[in-house]
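To start, the structure under review is shown below, and the notes come after it.
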Amino acid sequence: MKNSIKKTTPYSDMSFATEPTRMVRFMRSFFIFQIYNFFKLNLKVMRIVVGGHS
Amino acid sequence: MAKVVVLGAGISGHTAVSYLSKYLKKDHEVVMVSPNSNYQWVPSNIWVGVGLMTPDQVKFKLAPVYKKMGVNYKQALAVSIHPEGDTEQKQGFVTIKYVSEDKKDTIEKVSYDYLINATGPKLNFEGTEGLGPKYFTESVCTYDHASHAWTKLKSALEKMENGEKQTFLIGTGHPLATCQGAAFEYVLNIAFEIKKRKLLHLAEMIWITNEYELGDFGMGGAYIKRNGYVTPTKIFAESILKEYGIRWIKRAGVQKIEKGVAYFENLEGEHKTVNFDFAMLIPGFAGAGMKAFNKNNEDISAEVFAANGMMKVDADYTPKPYEEWKAEDWPLTYQSVKYDNVYAAGIAFAPPHGMSKPMQSPNGTKIFPTPPRTGMPSGVIGKIVAQNIIHTIKTGKIEHKHKASMASMGAACIVSAGYGISKGQAAVMTVNPIVPDWEKYPKWGRNINDTVGVVGTAGHWMKLFMHYMFIYKAKAKPFWWLIPE
């Protein structure tokens, strides 16, 4: 979100926080990468849930 | 023939009753006691709170589903439990008070062979003066609250469209509140909706939390391996808030709300205020407020329940400092500490201690998150409690073959950060185990390879997918049992 740059005041809490680059933001909505992430994350969640109880 | 009574039709109780009815209904009786006429998929209340779903999309009527399952459904409030019976009957029973129109206020004794207490939390708005939809702040804890929140939010957005600046205060409304994740989702969704309407220049958004550092989420934070570094969730949470233009106030225990003003104390003992036009603050949680009595009708609530009203189970409740907390303090079977045929599932069981380090201000005010028990562990606990009871009924042996400690169970949390098939965003977080185990994982407290923190559209798809999948499952449609908790 572009407004965050305007809202950052030096030495405020927010000024010490990291912020994603344009590339990272692009990848967050890039369809092919997100399809891959969708299956990868679902698999991971499934494995954790099923393995967590007996 | 055995009779199993389940109190509460939330995620844990409904899961338990689904498995009980599937495996016992032909030969045994399964009873559900719940004051609610609807099941609600709580995680989607966030979308009701920003007007992207209606309450009808996140709830459905329980009566037809229980009729299909063969469950004896009583729309009533559980008032007290009598595990030893009383002078009139030897068998344990629950006293219930009907809330349904046809039997309203009728009192009934419901006897049981096995009891599952899954009454969930009482939303303790009374714990903070002026908190809640009846007073000056909103909530997204139920679909009714979320719908009310959307009405108020819509009004604030209309004011902004007319050029009026608005301040949004979202977070925790009690020094010991939990469920930071839900409030975090809500503030991100509000920011997303404001940006969509191109009104960011008129919005001041503030996240207020009782966490020592952001990203604690009541589970003592976590570490994420990503891009060549292992970073704490503090970095993750702060980064998202900064990106969305939300400033934050941490280590804050909200103590009182007046119209447009929240009063809080911070860990340094300072008393401060913050103004708002719209506020959604999560209340503290307490037990459902049931009492317990022995066969002589003496009040034994203190033996059965912890001070917060949640039921004591097979956990180690010995008070000890944070440094001595251990994974094995956490319960495995959720069997009552006092009665073998009574169990507590989901939020109804009393945790042995927190996960976040207890903190207090110089004035003695405790300010830290209490432990969360979200949908996934609640569902798993409901399932294993049901499985153990089914096993006992079928074999006559209490063996507890199924166990699910929150200190060995993983969980996923999908934090919605905006709605839309192509532009929607969500942060997917997984941790394993939920409760840090510093003996097994001395460096990071958890299995670092299972801990994930990823933001993207895939997360939004997952949250949508889970919405439809779990409502399908809760409706007990064909092959529902193939969907894991």
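Computed quantities for the displayed model
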{"read-out": "Additional length obtainable on full extension of the chain from B:E158 to B:S37, 0.36 nm per residue less Cα span", "value": "40.2 nm"}
{"read-out": "GluC sites (Glu not before Pro) restricted to region B:243-324 and DSSP loop, no more than 10 other C-beta within 10 Å", "value": "B:E268, B:E298"}
{"read-out": "Averaged over B:187-200, number of beta-carbon atoms from partner chains that fall within 10 Å", "value": "1"}
{"read-out": "Pair B:K295, B:N447: separation of 7 Å Cα→Cβ label points (nm)", "value": "4.7 nm"}
{"read-out": "Computed FRET value (nearest 0.05) for B:T167 with B:E270, which takes r as the C-beta separation and R₀ as 30 Å", "value": "0.90"}
{"read-out": "Relative contact order of chain B, pairs being alpha-carbon contacts under 8 Å that are 6 or more residues apart, as %", "value": "17 percent"}
{"read-out": "Cut-off 19 Å (backbone N to label point 7 Å along Cα→Cβ of B:K475), residues of region B:401-431", "value": "none"}
{"read-out": "Helix-derived mean residue ellipticity, 222 nm - over chain B, DSSP H n ≥ 4, -39500 (n - 2.57), to 500", "value": "-8000 deg cm²/dmol"}
{"read-out": "Hits among aspartates and glutamates - C-alpha to C-alpha of B:K312 under 16 Å, sequence gap 8 or more where chains match", "value": "B:D299, B:E303, B:E328, B:D329, B:D340"}
{"read-out": "Dipole of chain B [Lys/Arg +1, Asp/Glu -1 at C-beta], most positive-end residue of B:V187, B:M280, B:T95", "value": "B:V187"}
{"read-out": "Ranked packing of A:26-39, B:429-442, B:374-387, most packed first, by mean Cβ within 10 Å", "value": "B:374-387, B:429-442, A:26-39"}
{"read-out": "Charged-residue dipole, Cβ positions (Lys, Arg, Asp, Glu), region B:282-358 about Cα centre, Debye nearest 20", "value": "200 debye"}
{"read-out": "Contour minus Cα-Cα distance for B:D144 and B:D340 (0.36 nm per residue)", "value": "66.9 nm"}
{"read-out": "Neighbouring partner chain Cβ atoms per residue of A:17-29, average, 10 Å criterion", "value": "5"}
{"read-out": "Listed pairs B:K165/B:K198; B:K25/B:K68; B:K234/B:K320; B:K61/B:K475 exceeding 20 Å between Cα atoms", "value": "B:K234/B:K320"}
{"read-out": "Test item: Cα-centred dipole of region B:162-276, Lys/Arg +1 and Asp/Glu -1 on Cβ, debye", "value": "400 debye"}
{"read-out": "Violating pairs (Cα-Cα greater than 30 angstrom) within the set A:K40/B:K403; B:K397/B:K463; B:K109/B:K383; B:K242/B:K326; B:K74/B:K394", "value": "B:K397/B:K463; B:K242/B:K326"}
{"read-out": "Efficiency of FRET from Cβ geometry, B:E303 and B:K68, R₀ 35 Å, rounded to 0.05", "value": "0.35"}
{"read-out": "Angle in degrees between helix B:143-161 and the longest Cα principal axis of chain B, rounded to the nearest 10", "value": "10 degrees"}
{"read-out": "Most positive-pole-ward Cα, B:I384, B:P369, B:G354, against dipole of region B:320-387 from beta carbon charges", "value": "B:P369"}
{"read-out": "Qualifying aspartates and glutamates (Cα of each under 19 Å from Cα of B:K256; at least 8 residues distant if same chain)", "value": "B:E126, B:E129, B:E138, B:E211, B:E265, B:E268, B:E270, B:D277"}
{"read-out": "Inter-site label distance for B:R226 and B:E213 at 7 Å from Cα along Cβ, in nm", "value": "1.5 nm"}
{"read-out": "Region B:361-484, relative contact order [Cα under 8 Å, separation at least 6], %", "value": "17 percent"}
{"read-out": "Angle in degrees between helix B:180-196 and the longest Cα principal axis of chain B, rounded to the nearest 10", "value": "40 degrees"}
{"read-out": "Segments B:202-214, B:149-161 sorted - mean Cβ within 10 Å per residue, highest first", "value": "B:202-214, B:149-161"}
{"read-out": "Relative contact order (percent, whole number), region B:262-330, Cα cutoff 8 Å, 6+ residue spacing", "value": "18 percent"}
{"read-out": "Test item: Cα-centred dipole of region A:8-47, Lys/Arg +1 and Asp/Glu -1 on Cβ, debye", "value": "320 debye"}
{"read-out": "With Cα atoms, 0 to 90° folded angle of helix B:375-395 axis to chain B main axis", "value": "10 degrees"}
{"read-out": "Where only C-alpha atoms are counted, convex hull volume of region B:18-131 per residue in Å³", "value": "161 Å³"}
{"read-out": "Approximate spin-label separation B:V261-B:E323, in nm, with each point projected 7 Å along Cα-to-Cβ", "value": "4.3 nm"}
{"read-out": "Shielding by partners, peptide B:233-245 (average Cβ within 10 angstrom, other chains)", "value": "5"}
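Coordinate-derived values only; no laboratory data. Since this is a predicted model, take the numbers as computed values, not measurements. Here Cβ is always computed from backbone atoms with ideal geometry, including for glycine, and neighbour counts include all displayed protein chains.
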